[in-house]
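Read the structure below first, then the notes.
The values are calculated or read from the model by the stated rules, or taken from the named source; none is laboratory data. In this text the structure is predicted, and so the values were computed from the model without any measurement. Note: ideal-geometry Cβ built from the backbone for every residue, glycine included; neighbour counts use all protein chains shown. For accessibility, only protein heavy atoms count, side chains too; no ligands or nucleic acids. Shrake-Rupley method; radii C 1.70, N 1.55, O 1.52, S 1.80 Å.
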Amino acid sequence: GTLELPGFSNYLHPIDENHVLGIGEQDGTVKAVLFDVADPADPVVEDARLFDARWSAVSNSHHAFTIDRRHEVFFLPAGQAGHVVSYANGSLDLTTSVAMGAPTTRARYVEDYLYVFAGSQVAVLDETTWDRAATLDLLD
């Protein structure tokens, strides 16, 4: 199937058997799109969200994208912030954002914490409350 929409997706990630997430740009702004592909001949946009950033590390490396299927959220680095976005119930809802002092490049889960990397800093978020538990400086 085909689908015309504004912008483009340069990274696609399967969410489940009926959904694919696209990460890309629209008018120079980072964009996430949730596609319903239950009928491959007729894909549908379920939801789309623009982020106030001109660049995402996902554009350069698939390693920048992190998904937590258990909580139905994904992490999207966009400019100098990282965004945790819920994809539950067919919509893209911003769960939390963490502002960093440098371009955010990626995040990884360790136990109940999300470690967000940007430049020489790491922000540690509690994944149950999304509060910042710590900020680590990698260069001392």
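Below, the figures for the structure above:
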item: Tabulated pairs, segment 1-22, first outside any loop (DSSP other than H, G, I, E, B), second of a type in the set (A, V, I, L, M, F, W, C) and open to solvent by 40 Å² or more (accessible area, probe 1.4 Å), C-beta under 6 angstrom, 6+ apart or interchain; result: V20/L12; V20/V37; G22/L12
item: Residue match in segment 51-73 (condition: farther than 15 Å from L114 by Cβ and of a type in the set (D, E)); result: yes
item: Members of segment 123-140 that are polar (S, T, N, Q) and open to solvent by less than 90 Å² (accessible area, probe 1.4 Å); result: T129, T135
item: Residues of segment 85-102 satisfying the condition of being in contact (Cβ under 8 Å) with a residue 40 or more places away in the chain and surrounded by 17 or more Cβ atoms within 10 Å (Cβ to Cβ); result: V85, Y87, L92
item: Count - residues of segment 56-80 that are open to solvent by 20 Å² or more (accessible area, probe 1.4 Å) and out of contact with any Pro (no Cβ under 8 Å at 6 or more places or on another chain); result: 10
item: Selected residue (criterion: modelled with the lowest pLDDT) from residues of segment 1-45 that are surrounded by fewer than 18 Cβ atoms within 10 Å (Cβ to Cβ) and among the charged types (D, E, K, R); result: E4
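Here is a yes/no grid of residues against (1) among the charged types (D, E, K, R); (2) in contact (Cβ under 8 Å) with a residue 24 or more places away in the chain; (3) under 16 Å from G22 (Cβ atoms); (4) assigned to a loop (DSSP other than H, G, I, E, B):
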{"position": "D39", "(1), (2), (3), (4)": "yes, yes, no, yes"}
{"position": "V45", "(1), (2), (3), (4)": "no, yes, yes, no"}
{"position": "W55", "(1), (2), (3), (4)": "no, yes, no, yes"}
{"position": "H63", "(1), (2), (3), (4)": "no, yes, no, no"}
{"position": "H71", "(1), (2), (3), (4)": "no, yes, no, yes"}
{"position": "F74", "(1), (2), (3), (4)": "no, yes, yes, no"}
{"position": "H83", "(1), (2), (3), (4)": "no, yes, yes, no"}
